[in-house]
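K.L.:
Can you keep this structure in mind? I'll have questions shortly.
The values are calculated or read from the model by the stated rules, or taken from the named source; none is laboratory data. Note that the coordinates shown come from a computational prediction; the quantities given were computed from them, not determined experimentally. When we count neighbours, we look across all protein chains shown, and the Cβ atoms used for this are built from the backbone with ideal geometry, even at glycine. The accessibility values were calculated without ligands, DNA or RNA, using every heavy atom of the protein model including side chains. Shrake-Rupley method; radii C 1.70, N 1.55, O 1.52, S 1.80 Å.
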Amino acid sequence: MKRNRTLAAAALVVTLALTTAACGGSKGGGTGGDNASGKAGAAGFNAAAEKVVNPSDKKGGTLNLWTTTDVDSLDPGRAYYASVWNYERFYTRTLLAFDGKPGKDGLQLVPDLASAKPEISADGKTYTFKLKPGLKFEDGSVITSKDIKYGIERIFAQDVISGGPTYLVNELDQGQGYKGPYTDSDPNKLGLKSVQTPDDTTIVFTLAKPNSDFPYLLAMGSAAPVPQKLDTGAQYGQKPVSSGPYKFKSVEPGKEYELVRNENWDPASDPFRKALPDTVKLTVTTNADDMDSRLLAGTADLDWAQTGLSQAAQVKVLQDQSLKANTDDPYNGFIRYITMAPSVAPFDNQHCRNAVLYAADTTALQTARGGSVAGSLYGSMLPPNILGSDEYDPFGLTKGKPNLDKAKEELKACGKPDGFKTTIAVRGNKPKEVNSAVALQTALKAVNIDVTVDQYDGKLISSVIGAPDVVKSKGYGLIVMGWGADYPTGSGYLQPLVDGRFIAQNGNNNYAEINDPEINGWFDQAAQETDPAKAADLYKKINHKVVDGAYYLPMVADKALNWRNPRLTNVYISDAFGEVDFQALGVSDGK
């Protein structure tokens, strides 16, 4: 998932728990929804990370979201920003969805359009869903299984519906070569063979092989229903048809988006959405300092992008405990790291890679990203919120200081006792990443590793660091990057980074080009596991083996310090998105 600034995902997972129980967010915490006085300091720092702040069922008013980054697309099939996936919960429903609860409880999948959890065949290849009765789009037409199939088929038309995740294409094409409904010869434009709709309330998915992650793919917007008669192809994002509690009143790209109530949404059919405000406004600005001033003044409620307060506002907030009490600083699911590329000498020798890990000043790397509020020192390659993650740190990275004696020993072992030269690639338009590259450059001088910092245009990521041939030709021994899961499992996070079958000649994310048959096999075993705990054991083994191989220097487990207006009700961080769950929010003053 893209966090409005880099490929990632905010979604994380602890368990796959499908339940039909309705929920409105857990109780506890806060000061009471109708008791928010507007005075700072009532809730407490990081209060929304694990509980609901200001729980309330009060309806009415306008929720004012602001952002310095425009949406990438409102089309559920094309969106890839984490905040858009979160925002979609206002106007898009799927067969399954992440529950409306704080913290790890928000990682559970619950039936949304589906009436219950899927019926799964004994061989794990067939998923059968039944829809709830009475589901409708905003125009009053009934949502059928064919609308869901059609919505999925759209993303096969990558010449028209591009930019979003394509996991379902990879999972469901199975050699058919399906190109989407716009060129479909089927008279009903429903020719994808692996998805069948025997009646309007039943949809059946047949997989080529078992995949325990498949339900998570059905919780993405790319699996949302789209009414064929109202599909406008590449222009659908200009006014997507709502299946949720809100519909678009106006869409002004780069300026403002306004959602109002969808009168054809049935709250009785919805397991978690509260739909408290009458109106939801999203205002786009190019002035980050002005947005932060509005947040602290109470005229803006929340930073939609959830990327954290700017430096000036952050300093002001952290120096005033009453202001700090209205902020949260949770893990957002990213790890910021530096890859060591074994395809570039001398990093083909593990001892040389070990030397970098021991010589790195991780406190300086953390400072380069903004200090402790921007992330915690971290020693491995699974985020702290994903099942299978532990405190594994064989190189002592969380100690915060270099071990120069060990680094020098490793240099001798790799045949480079006098050090060596290498180049670090970094996106020039990402100041924190450039600062990180310079911090590592400075630290490695202590053991005579001479690093040249090469800044490239971040928009060229796929054809620069994402192209193995370019990495080799430019001698990029070190690569600065960050990652978060597109879907919330250990494979959703790790597989693009370390599975050799994911290595691509363009758009590659496995910069270390790890292709270990044992690691690849563990991913296959985990995909067939129906017990999340057993799958987590496999992800833990993968993580440990990758860390032991010294392919990555994790800098921090990422955090972002975000402000919440004291008037907001039902504020909590969902671990599924690594940010505040927008759909739950209300306003206590009704304005």
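K.L.:
Sequence-distant or interchain residues sharing an amide H contact under 5 Å with GLY482, placed H: which?
P.N.:
TYR337
K.L.:
Sorted by accessible area with a 1.4 angstrom probe, largest first, how do GLU119, GLU256 fall?
P.N.:
GLU119, GLU256
K.L.:
Show the residues, 5+ positions off or on another chain, whose built amide H is closer than 5 Å to the amide H of ASN509.
P.N.:
ALA504
K.L.:
Would you mind working out the magnitude of the charge dipole of region 183-260 relative to its Cα centre, with +1 at each Lys and Arg C-beta and -1 at each Asp and Glu C-beta, to the nearest 20 Debye?
P.N.:
Dipole about the Cα centre, nearest 20: 60 debye.
K.L.:
Enumerate the calculated ³J(HN,Hα) couplings along region 573-584 in order (Karplus 6.51 cos²θ - 1.76 cosθ + 1.60, θ = phi - 60°), each rounded to whole Hz, writing x wherever the residue is Gly or Pro.
P.N.:
Rounded to whole hertz, the list is 8, 9, 5, 5, 10, x, 7, 4, 6, 4, 4, 7.
K.L.:
Using the per-residue mean of other Cβ atoms lying within 10 Å as a proxy for protection, in what order, highest first, do the peptides 150-163, 554-567, 82-95, 193-206 fall?
P.N.:
The densest-packed peptide leads the list: 82-95, 554-567, 150-163, 193-206.
K.L.:
Could you work out how far apart the two model spin labels at LYS472 and SER162 are, taking each label as a point 7 Å from the Cα in the direction of the beta carbon, and quote it in nm?
P.N.:
Taking the simple label geometry, LYS472 and SER162 are separated by 2.7 nm.
K.L.:
At a Cα cut-off below 24 Å, give the lysines reachable from LYS58, other chains included and same-chain residues fewer than 8 away excluded.
P.N.:
List returned: LYS27, LYS39, LYS101, LYS247, LYS249, LYS274, LYS281, LYS591.
K.L.:
How far is the Cα center of region 183-216 from the Cα center of region 549-591, in Å?
P.N.:
34 Å
K.L.:
Considering the dipole of region 175-295 built from charges on the beta carbon (Lys and Arg +1, Asp and Glu -1) around the Cα centre, which of PRO267, SER185, PRO277 is farthest to its positive end?
P.N.:
SER185
K.L.:
Suppose only helical runs count, i.e. DSSP H with n ≥ 4. What mean residue ellipticity at 222 nm does that imply for the chain under -39500 (n - 2.57) per run, divided by all residues and rounded to the nearest 500 deg cm²/dmol?
P.N.:
-6500 deg cm²/dmol
K.L.:
Taking the 0 to 90 degree range and rounding to the nearest ten, how far is the long axis of helix 532-548 tilted relative to the main principal axis of the chain, both from C-alpha atoms?
P.N.:
The angle comes out near 30 degrees.
K.L.:
What is the pair-distance distribution P(r) of the chain, computed from all Cα-Cα distances in 10 Å bins starting at 0, with each bin given as a whole percent?
P.N.:
3, 17, 28, 26, 18, 7, 1, 0
K.L.:
Count the DSSP beta bridges whose two residues both fall in the chain, then state the antiparallel fraction as a percent rounded to the nearest 5.
P.N.:
70 percent
K.L.:
Quick one, what does Rg over Rh come out to for region 280-387 if you take C-alpha atoms and the Kirkwood Rh?
P.N.:
1.10
K.L.:
Right, next: For the chain, with every protein chain kept in place, what is the accessible area per residue (1.4 Å probe, Å²)?
P.N.:
That works out to 36 Å² for each residue.
K.L.:
For region 377-436, what class follows from the C-alpha gyration tensor (a ≥ b ≥ c being the square roots of its eigenvalues): rounded when a/c is under 1.5, otherwise prolate if a/b is larger than b/c, else oblate?
P.N.:
It comes out oblate by the Cα gyration axes.
K.L.:
Round to the nearest 10 and report in Å² the accessible area of PHE523, as given by a 1.4 Å probe over the protein chains' heavy atoms.
P.N.:
For PHE523, the solvent-accessible surface is approximately 10 Å².
K.L.:
Would you mind computing, in nm to one decimal, how far apart the modelled labels at SER372 and LEU230 are, each placed 7 Å from Cα along Cα→Cβ?
P.N.:
Modelled inter-label distance: 5.1 nm.
K.L.:
Rounded to the nearest 10 Å², what accessible area does VAL344 show when all protein chains are kept and the probe is 1.4 Å?
P.N.:
Looks like 10 Å² after rounding.
K.L.:
Rank these residues by their accessible area, most exposed first, probe 1.4 Å: TYR358, TYR493.
P.N.:
TYR358, TYR493
K.L.:
Report ³J(HN,Hα) in whole Hz for each residue of region 271-278, in order, from the Karplus equation J = 6.51 cos²θ - 1.76 cosθ + 1.60 where θ = phi - 60°; Gly and Pro get x.
P.N.:
Result, ordered by residue: x, 8, 5, 8, 6, 7, x, 6 Hz.
K.L.:
Something else: Which values, in whole Å and largest first, are the semi-axes of the equivalent ellipsoid of region 140-259 obtained as the square root of 5 times each eigenvalue of the Cα gyration tensor?
P.N.:
Rounded to whole Å, the semi-axes are 25, 16, 15.
K.L.:
Quote the relative contact order of the chain in percent (integer), defining contacts as alpha-carbon pairs under 8 Å separated by 6+ residues.
P.N.:
Across the chain, relative contact order equals 25 percent.
K.L.:
Would you grab the residues whose amide H sits under 5 Å from the one on GLY244? Only those 5+ places off in sequence or on another chain, please, with H modelled 1.01 Å from N.
P.N.:
Excluding prolines and chain starts, which carry no amide H, the hits are THR92, ARG93.
K.L.:
When all protein chains stay in place, what accessible area (Å², nearest 10, 1.4 Å probe) is found for VAL373?
P.N.:
The accessible area of VAL373 comes to roughly 20 Å².
K.L.:
Shifting gears a bit: Taking Cα centroids, how far is region 252-273 from region 112-174 in Å?
P.N.:
20 Å
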